[in-house]
1. Which of the residues that make up segment A:315-354 are under 26 Å from the mean Cα position of the chain (by Cα) and small (Gly, Ala, Ser)?
2. Give the residue that is most open to solvent (accessible area, probe 1.4 Å), with candidates limited to residues of segment A:142-169 that are without any contact (Cβ under 8 Å) to a residue 60 or more places away in the chain and within 26 Å of the chain's Cα centre (by Cα).
3. Sort through A:SER339, A:SER308, A:SER318, A:SER345 and tell me the only one that's away from chain B (no Cβ under 14 Å), surrounded by fewer than 17 Cβ atoms within 10 Å (Cβ to Cβ) and of a type in the set (Gly, Ala, Ser).
4. So, in segment B:310-320, how many residues would count as being open to solvent by 10 Å² or more (accessible area, probe 1.4 Å) and assigned to a helix (DSSP H, G or I)?
5. Hey, can you tell me all the residues within segment A:424-459 that are open to solvent by less than 10 Å² (accessible area, probe 1.4 Å), of a type outside the set (Gly, Ala, Ser), under 28 Å from A:LEU491 (Cα atoms) and at pLDDT 90 or above?
6. Taking only segment B:134-154 into account, find how many residues are more than 20 Å from the chain's Cα centre (by Cα) and either open to solvent by 70 Å² or more (accessible area, probe 1.4 Å) or in contact (Cβ under 8 Å) with a residue 60 or more places away in the chain (or both).
7. Restricting attention to segment A:117-141, and to residues there that are small (Gly, Ala, Ser) and either outside any loop (DSSP other than H, G, I, E, B) or open to solvent by 70 Å² or more (accessible area, probe 1.4 Å) (or both), which single residue is nearest to A:LYS179 (Cα to Cα)?
8. Would you mention how many residues in segment A:313-338 are over 18 Å from A:ASN293 (Cα atoms) and either in contact with a Leu (Cβ under 6 Å, 6 or more places away or on another chain) or β-branched (Val, Ile, Thr) (or both)?
Amino acid sequence: MNTKLKVSKISKIYPGCIANDNVSLNFESGKIYALLGENGAGKSTLVKILSGVINSDHGQIFLNDKLLELNSPKDAKDNNIGMVFQHFNLFETLSVLENLSIDSEKKNEELRVLVNEILRKYNFKIDLDVPILNLSAGQKQKVEIIRCLLRNPKVLIMDEPTSVLTEQETEDLFLSLKKFSNEGILIIYITHKLKEVLSLCDEVAVMRKGKVVSVSRTRDEELSSLANKMIGESLIKIKKKNNNTLSSEEILKVSNLNFISDDPYEINLIDINFTLRKGECLGIAGISGNGQNELFQILSGEIISNDSSIRFRNKEISKLNPKERREFLMAFSPEDRISQAAIPSLKIYENVALNNFKTSNFFEKGFLNEKKIKNHSKKILSNFSVNTDNVNLKSQFLSGGNLQKLILGRELITSPELLICFNPTWGLDVGAINYIHQTLMQINEQGKSIILISTDNDELLQLSDRISVINQGKLSKIINAEDVNPEKLGLLMGGGVIDKN
Amino acid sequence: MIKIEKRNEAPNSIYFLTPVLAIFLTLISGALIFFILGFKPLEALKFFFITPISDLYGLSELLIKATPLCLIAIGLSFCFKSNNWNIGAEGQLTFGGIVGGGVALLFYNHDGFYVLPSIILAGAIGGMVFAMIPAILKVYFNTNEILVSLMLVYVSKLLLDYLVVGPWSNPEGFNFPETRQFSESARLPILIEGLRIHAGIFIALISVFLAWIVLYKTYLGFQIKVSGLSLKTAKYAGYKGKTMILLVFMVSGACAGLAGVGEITGPIGQLHRMISPDYGFTAIIVAFLGRLNPIGIVFASLIVALTYLGAETAQIFLQVPKYTGQVFQGMILFFLLASDFLIFFKIKFLGFKKYEY
C-alpha cells in the first residue's frame, strides 16, 4: 500500500531561535528522502516532532490523509513511524533478544521466530543471545532497525546513521535501506553528508536556519549545487581587521598529530598538520561532531596525543597538561561554558581561580589568597564589562553572555600569546556576540594568535585569516579567508575535496 | 493542594535544615516502630535517646563512641567531596588496628615515651597503606573503588581473625581469640578518673581542625572541591587527577587507621575479633549527615553515637535486640537522602482553593 506523509506548515519556536519556520514537505513511499542541512538548520527539530519527542507550536502532520496527534514517542510508534537515533537506546548488558522484548508485547519464543524471519529476509547476521556490548556499532544499529521493523513501520526515519559506521557497514546499511524502500517503507534520511545524499536518496530537501530552502530530485543535483544550497548565499564576506600585524613568526606548529580513541562515540584524529603565525587567527570550520572536541582537548592538554606532535614557539609541549601549557602563555576557552569552563555553583572569584598562573600567586604556599583572587576578579569584571561587580556572586546568576565574558576575561587578562577557543559565541545574544568578536579582533591586532574552532561560518569568515575544515577527524587544506566561498566550504564540510589549485 | 516546583537555587539554610528534618522523621518512625512492638513510644524513645546520656558516665561513653565515627567521617569527607567512593573505611580501620596492635605487642612490657606514638603512627600508616590498594587499582587499572574497598573489608577482618586465634593469641589466654592486654605505656591516657574517656578525642578534634583548614583554605581543598563538582572542569584546569585520588584515599585511610588504633589503645586495650561495631560503615552515614563539613560531622557523630548507646540501653530495659541501633542509623540515612529532594525542589502549599486545570 502506498504511504503518504505530509508535513504542513510546521513551526517550532524556542526563545531566541526559530528552529522550524513554516516547514511543509511531502513524502511518498517507494522513495528515499534526504533531509540535508548543517548544524542548527532544524533537521533534528523536525524529526523530533515527527517522532513525538517534542510538540510543534503550529502545523499539522498527515499520514495517508489522516491527521496525526503525536504527543509522545508512543503515539509515533502506534502510527507506524519508526525512528533510529544517532545514539542507540540499548541496554549494553542485556542480550539482543532481551532488548527487543522490552517494548514488545510478544512472548520471547514468538519474538524469536519473528526476529529470525527478519534476519533471514534481510541477511542480517546477529546472534540473538549475546549481550549488546559485544556487538559492533553497525550491529547495534541493526538491532535498533529490527526493533522498528517488528512494528511493521510505514515510515522509517534515520538520524545521521552513518556517523558511527565503518565504510563496509555504511554500504550494508544502504543496501538494506534500498530494500526497505522497495518494500514500500517510506524512508527519511537525515544527514549533512553530501555524497550519501547523491548515492542513496531519490529526493532531497535542504534546510537552512529552520526553513526548507529547496526540494529537488537528486539526479538533478551535484555535490557543488547541494553544497551551495546547504551553506547558502547569505555568506557575505565581512572584511575584517587589517592584518598588517601578521608576521612570519611561527607560534604553534602541529605536525603528524594522531589520536585514536577507545570511545566509539569519539572521533579519531588523523594526521593533523598546521602552523600558526603570530597575530594570526586560524579558523577551523566543520559540522559539529567531526573531531572538533577532540582537537580542542588535545591542543589544551586535556587529552595527551602522540609524542612531539605539538610545538609552541619551538618548544615541545605535547606531554604537558593544561596548567603547564598555561605557563607558556596559552589560554583556552572551551565550548561548554556551564560544565567545563566554569562551575555554576561556584562564586565568580572561585571560577577565576581555576586559571592559576604561577606568577598570579592565587595560592601562596598552598594557601588560598582570597584577597588577591578577588582583586584580580574585580579587574576582570570591569575590564571585560561583565554586568556585575560582585565577585561573591554565584556564577549561575550570570547570563550566558556575561559568563562567557568572564571566562574570556579570565583567559585574556594575563595577555596570552595564543588563545584557543571553541564556539565562543554559541547561544549568545547579538550584543554579547559583537562584544566577543571585537575582543577577539583586538587581541589579533595586539599581535596575539587565535585558533578559532567554530561551527558558525559567518563568525569564521569575519574573524579568520585562514580557514581549514575538519571532517571525520581530518583537516582539509588551509585556505585564505578571501578565497573561501560557500561552495568550497560546503564541499569540504560535507566530506568532499576541492581542487588542489 | 500541594504543588512541587523545581528550585532555581537552594537557600544555604536548607543544607542544615534537611539533616534536622531527617532526624525528626527518624524519631517519629522510631516511635511508630516501638508502638507496633507494643511499647509506649515516648517512653521507649526516652530510653533510647535520653537515659543513656543522663549522667557523666553516659556522656563519656557518648564521646568514646563519637570519637572514631568523627575521625573516620572526616577522612571520608575528603574522598566523597572529590567523587571517590571509599566504602571500605571499616577495613582500613581494622588494618590500622592490626598494624598498631602488632607494634603494641612488639613493645609488650616496654616502658617509654616512644611506645604510644609509634603505635599510633603505625596504625595511621596501616590504614593508609590499606586504602592505597583500591586507590592504586582505580588509578592504574580503572577498577571500581566501591567494590574493591568494600571487599577488602572482609580481607582485613579475616586477617584479624586469623591473627587473634593463631600467631598473636595470648599464650596465657586459654585459647580465647584475643591477644595479650597491652602494657600501660601502650594505652591512651584516661582523661577523667573513673570514666573511660581517653585522649583519643584530641586526635579527633585536631583532625577536624586540620580538615577544615585544608578543605576551605588551601589549594588542595579547592582542587578537591572543583573535582567533586565537575571532573571535566578539573581536567580543563589541569589538576593532576591521579595524584589527587591517591591523596584523598591516603587521608581517608590514615583517619580510619587512627580510629582503629584509638579503639585498641583506648577502651579495648588488646586485639580481638570485635574491635569495631562497624564504625567504618556507620561513619559513611555520619559523613553525609554532617554534609561533608567538618563542623557538621562533629554534631553528626554525636547523634549517631547516641544510637549505639540507645540500642544498648534499650536492650537492657526493653529487651529489644541491640541491632535496633542499626535500624535507627539506617532510617537516618534513608530520611536524609529522601529529604535531599527538598534541595532541588520546593513544595508549595496552594491552600484548598478550587484547583484550575
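1. Of everything in segment A:315-354, those that are under 26 Å from the mean Cα position of the chain (by Cα) and small (Gly, Ala, Ser) turn out to be A:SER318, A:ALA331, A:SER333, A:SER339, A:ALA341, A:ALA342.
2. Taking the candidates together, the pick is A:GLU167.
3. A:SER308
4. Number of matching residues: 6.
5. A:PRO424, A:LEU440, A:ILE450, A:ILE451, A:LEU452, A:ILE453
6. Residues flagged as more than 20 Å from the chain's Cα centre (by Cα) and either open to solvent by 70 Å² or more (accessible area, probe 1.4 Å) or in contact (Cβ under 8 Å) with a residue 60 or more places away in the chain (or both) within segment B:134-154 amount to 7.
7. Pass one, segment A:117-141, residues small (Gly, Ala, Ser): A:136-138.
In the following step, the residues that additionally are either outside any loop (DSSP other than H, G, I, E, B) or open to solvent by 70 Å² or more (accessible area, probe 1.4 Å) (or both) were identified as A:137-138.
Numbers: A:ALA137: 21, A:GLY138: 17 Å.
Taking the candidates together, the pick is A:GLY138.
8. 1
The values are calculated or read from the model by the stated rules, or taken from the named source; none is laboratory data. All values reported here derive from a predicted model rather than from experimental measurement. Ideal geometry is used to build each Cβ from the backbone, glycine not excepted, and the neighbour counts take in all protein chains shown. With ligands, DNA and RNA removed, areas are computed over all heavy atoms of the protein, side chains included. Shrake-Rupley method; radii C 1.70, N 1.55, O 1.52, S 1.80 Å.
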